[in-house]
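Reviewing the structure listed below.
The values are calculated or read from the model by the stated rules, or taken from the named source; none is laboratory data. Only a predicted model underlies this, so the values are computations on that prediction, with no experimental measurement involved. Neighbour counts are summed over all protein chains in view; Cβ atoms, including those assigned to glycine, are modelled from backbone coordinates with ideal geometry.
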Amino acid sequence: MQGSRAFEGMMERKRIKIAKGKCSGCRLCLQICAIAHYHETNPKKAALRIEAHFPQPGVYKPKVCVQCGKCMEVCPEGAISRRDDGAYLVDFEKCTNCGACIPACKPGVIFQHRDLDHVIICDSCFKCTDLCNTGAITMFIQPAKESS
């Protein structure tokens with residue numbers, strides 16, 4: 001299985017980790033996400049957000065999908081499924097862009113965009129972790145039970 005490996009009855013899964021206080025607010029992660037998925041530099045089409053904490057200058061907090069699955073549970077069309085590596089994906093053909101998944105997302109990182117007929121959800125491509133030059137967004141291996 002790509003992106004994970006069996007280890008003593010467990011399956012290791014790649015996840016995105018946020019390091020508090022390291023984000024500079026450069027938003028390169030937003031750009032690479034939009035470029036990788038939509039071939040354009042439109043940060044509004046990224047599957048993550050950078051939250052600025054004003055009035056504190058220079059304090060930013062990246063917000064990313066934690067792969068909890070709440071979106072899949074509430075989707076009335078069955079348009080969200082779970083990949084073998086634990087990432088949740090939107091089936092663009094099934095998604096009606098109803099937005100039922102948006103309030104179910106605790107980190108607030110499921111989005112709609114007027115140019116798209118489907119919601120935007122992180123697919124764990126890890127492009128953001130590859131490009132983050134401050135170490136604010138990194139990839140780590142999370143052990144998980146095979147049945148989860």
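Values computed for the structure shown
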read-out	value
Which listed residue, of 92, 54, is among the aromatic types (Phe, Trp, Tyr) and more than 25 Å from residue 13 (Cβ to Cβ)	54
Residue 116, sole failed condition from (1) of a type outside the set (Asp, Glu); (2) outside any strand (DSSP E or B); (3) in contact with a helix residue (DSSP H, G or I) (Cβ under 9 Å, 6 or more places away or on another chain); (4) under 30 Å from residue 59 (Cβ atoms)	(4)
Strands (runs of 3 or more DSSP E) wholly inside region 7-68 that include at least 3 residues being in contact (Cβ under 8 Å) with a residue 60 or more places away in the chain	10-18
Some residue of region 26-34 being surrounded by 13 or more Cβ atoms within 10 Å (Cβ to Cβ), within 18 Å of residue 87 (Cβ to Cβ) and either among the hydroxyl-bearing types (Ser, Thr, Tyr) or touching a Phe, Trp or Tyr at 6+ places or on another chain (Cβ under 9 Å) (or both)	no
Residue list for region 69-82, restricted to those being surrounded by fewer than 20 Cβ atoms within 10 Å (Cβ to Cβ) and either part of a loop (DSSP other than H, G, I, E, B) or of a type in the set (S, T, N, Q) (or both)	69, 76, 77, 78, 81
Residues that are modelled with pLDDT of 95 or more, under 13 Å from the mean Cα position of the chain (by Cα) and on the phi > 0 side of the Ramachandran plot, drawn from region 55-94	69
Every residue from region 56-79 that is polar (S, T, N, Q) and either closer than 22 Å to residue 46 by Cβ or in contact with a helix residue (DSSP H, G or I) (Cβ under 8 Å, 6 or more places away or on another chain) (or both)	67
